[in-house]
1. Test residue 197 against the stated conditions and say whether it is more than 30 Å from residue 472 (Cα to Cα), in contact (Cβ under 8 Å) with a residue 24 or more places away in the chain and crowded, with 17+ Cβ neighbours inside 10 Å.
2. Could you pull out the residue among 786, 795 that is modelled with pLDDT of 75 or more, buried (at least 19 other Cβ atoms within 10 Å of the Cβ) and farther than 28 Å from residue 585 by Cβ?
3. Show the residue pairs meeting these rules: Cβ distance below 7 Å; 6+ apart or different chains; first residue within segment 39-55 and within 19 Å of residue 330 (Cα to Cα); second residue assigned to a helix (DSSP H, G or I) and more than 15 Å from ligand 1 (Cβ to nearest atom).
4. Against the conditions (1) under 26 Å from the mean Cα position of the chain (by Cα); (2) away from ligand 2 (no atom under 16 Å from the Cβ); (3) on the phi > 0 side of the Ramachandran plot, where does residue 90 fall short? Just the number, please.
5. All but one of (1) part of a helix (DSSP H, G or I); (2) surrounded by 15 or more Cβ atoms within 10 Å (Cβ to Cβ); (3) over 31 Å from the mean Cα position of the chain (by Cα) hold for residue 124; state the number of the condition that does not hold.
6. Among the residues of segment 566-577, which ones are out of contact with any helix residue (DSSP H, G or I) (no Cβ under 7 Å at 6 or more places or on another chain) and buried (at least 17 other Cβ atoms within 10 Å of the Cβ)?
7. Just wondering, is there one or more residues in segment 315-322 that are under 30 Å from residue 424 (Cβ atoms), under 14 Å from the mean Cα position of the chain (by Cα) and surrounded by 24 or more Cβ atoms within 10 Å (Cβ to Cβ)?
8. Go through (1) over 30 Å from residue 40 (Cα atoms); (2) outside any helix (DSSP H, G or I); (3) within 14 Å of ligand 1 (Cβ to nearest atom) for residue 108 and report which single condition fails.
Ligand SMILES: Nc1ncnc2c1ncn2[C@@H]1O[C@H](COP(=O)(O)OP(=O)(O)OP(=O)(O)O)[C@@H](O)[C@H]1O
Ligand SMILES: [Mg+2]
């Protein structure tokens, strides 16, 4: 079985369980293999508590991980973190730290004995389902598993700071997309601040949305502090056609600013601003491109905080998704356990709009959404209409059943499938724990199956301390110094500044606006006047050409460096303000202070700075590309190693899926005729046996669990057809016949079986030949470094700019 499994693991099918005979209440032998591509039309999993939803969905995530598909998991209860409890040796020692000691006590067992018993339980459970420690090892190697805890330092911290940054261009150009993102960000934020705001009517919502939309349309990043200051001094004096002051007077705006500021100032809030930025691309993959299963544990948050965070995360996912290329293969998963409250049919909590959009548009980008809930009432109808796969577990009430049936009927009508309500109702009523009815619009008929044993140790929700223990070994580099911190440190050292230096004629200077830019200011009410610090802003266009790889690219390079005698271009940063916002005069006019220039500046300085910049660009600025020796492909300018590997992997996956289709076609006819012959042969065996023995001996027929079965899914190979044939045969005549008849029949059945085996061997060989190709995730990439020619560097006029700070440091340091 394991050998077979490794064969189908190359095919993009997920092993979720085995067929189940509801009438006999018995597990059958054929594997339930789910085509991963079907997940791009999403899945819902509904069932009462204890029905096995989380177990099923975690198995699905395990399968995805083995196939190299990364995932974002939203975990309101804490039990998705069990994915980190994978013990390849299946030894009591591995289990011991993670057992639930209360469970042990309840059973009157010592913790050690209980650990031993759990280890045995898992080893036995896995073996029953054809799995073992090697498969667990494979799972662990295939992906990185990480627990993020927004607003807490138990797991990996994650910073929401960037979540108010302008969305990427792809997401900005789409008016509707931008409006949606603005609206749900505003609602999420106001919910968090305890402002109960109606998105259509409340002026709080309208104001915050206007501020966000105005900034984002220009591609300008905001952060909470900037947002707060803009609530006090909005970038516009009209809202629609109404004068700002009469729409929302300054005094009342101040109250709103204060309630947001209180959030910022709350002792625990700093932890929301630390750690990895909430950027889905880099959450889904490590820097080296390895897929990550990123679990967001939100059990510790209040309801308002959860809604706020989930909304942000969904919006970020949406923005990431829109920047991907189209695909027909599965690229990534988003799984939310316990969707109750986030996706209701009538109400519109802020998370609902982005989720609905993800369901509607995910397919084109290969993003599969999986939602689980105890209660069908928690799911929006429109969302369900976009869902291709339903995993239906045991349901609690008749009303729940009726609701699910209604939904199924609707889905069947949409997919022009037959729908037998009576039969479906009967099936639903018969489900037990870990037994699910799978209704997949991509298959001919629903199937009942029992979920396979999960590789992860399902010990239930983890405590904060346990999450910390799991996370500590991987913590560390996460607290790298941010540009804002660096800037703050250098400014703090510079002191509060004096009068504005007088510059010689011919030197032009510009001022960075005193609000908004992420690296700079400003918390309202913070003491201290503005102090401006001098810097150089340089822009250039550099044309790169590499004859060998055929790559050509024009790159815009912008650098801001503090003004000094020798400019440190390598230590410079990309500007964190929009160039068109630079003003000819400082804000706060008279009261602002100025740091000294620190070096002599003359009318000719700008030219010298420009030459200096060009030299640096020539010497230090190469276009660094990656090259895959096996595929021959070269990364795009600006594409990170992770993105490049992800792209190669996705292309390989598309190739594999196309190959699976090709094999399917190639083998379909041969297989169908062999199947038919086998069926007849088995039938003959059954008949002969019965006739010879006059008893209804059940003939063991098992053809499901084969490589071919894996490839063809349930459509072609149907053990039920064969089963029915045997039963029919059993009822036939009972005349005693010669034993030789039985033997002959058995021999011919055996011959057909051997032919099927030969066909399998042929297929296995083809698969092996394909998978010999290099793995884009582990292949060593070559570096291609393209240097510009001097004549291909065009430096624009360099400018002296002043950057404002208030007090000694930005507020969040
Ligand atoms: N695939 C599985 N492998 C091993 N054990 C399982 C599996 N599925 C479920 N179980 C066992 O059954 C218990 C209940 O299952 P599970 O937590 O998946 O139910 P649920 O439907 O998610 O319930 P709830 O709605 O309360 O979250 C698990 O704690 C675990 O002990
Ligand atoms: Mg659950």
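The values are calculated or read from the model by the stated rules, or taken from the named source; none is laboratory data. These numbers come from a predicted model, not from an experiment. Counting neighbours? That spans all protein chains shown, and the Cβs are built from the backbone with ideal geometry, glycine included.
1. Values: more than 30 Å from residue 472 (Cα to Cα): yes; in contact (Cβ under 8 Å) with a residue 24 or more places away in the chain: no; crowded, with 17+ Cβ neighbours inside 10 Å: yes.
No: the conditions fail for residue 197.
2. Working: 795 fails: farther than 28 Å from residue 585 by Cβ.
Residue meeting the stated conditions: 786.
3. Going by the 7 Å Cβ cut-off, the qualifying pairs are 40/362; 40/363; 41/363; 42/359; 42/362; 44/384.
4. If we test residue 90 against (1) under 26 Å from the mean Cα position of the chain (by Cα); (2) away from ligand 2 (no atom under 16 Å from the Cβ); (3) on the phi > 0 side of the Ramachandran plot, just (1) comes out false.
5. For residue 124, the failing item is (2).
6. Step one: of segment 566-577, the residues out of contact with any helix residue (DSSP H, G or I) (no Cβ under 7 Å at 6 or more places or on another chain) are 566, 568, 571-572, 574-577.
Answer for segment 566-577, where residues must be out of contact with any helix residue (DSSP H, G or I) (no Cβ under 7 Å at 6 or more places or on another chain) and buried (at least 17 other Cβ atoms within 10 Å of the Cβ): 572, 575, 576, 577.
7. Kept after step one, since they are under 30 Å from residue 424 (Cβ atoms), are these residues of segment 315-322: none.
No, because not a single residue in segment 315-322 is under 30 Å from residue 424 (Cβ atoms), under 14 Å from the mean Cα position of the chain (by Cα) and surrounded by 24 or more Cβ atoms within 10 Å (Cβ to Cβ).
8. Of (1) over 30 Å from residue 40 (Cα atoms); (2) outside any helix (DSSP H, G or I); (3) within 14 Å of ligand 1 (Cβ to nearest atom), only one is false for residue 108: (3).
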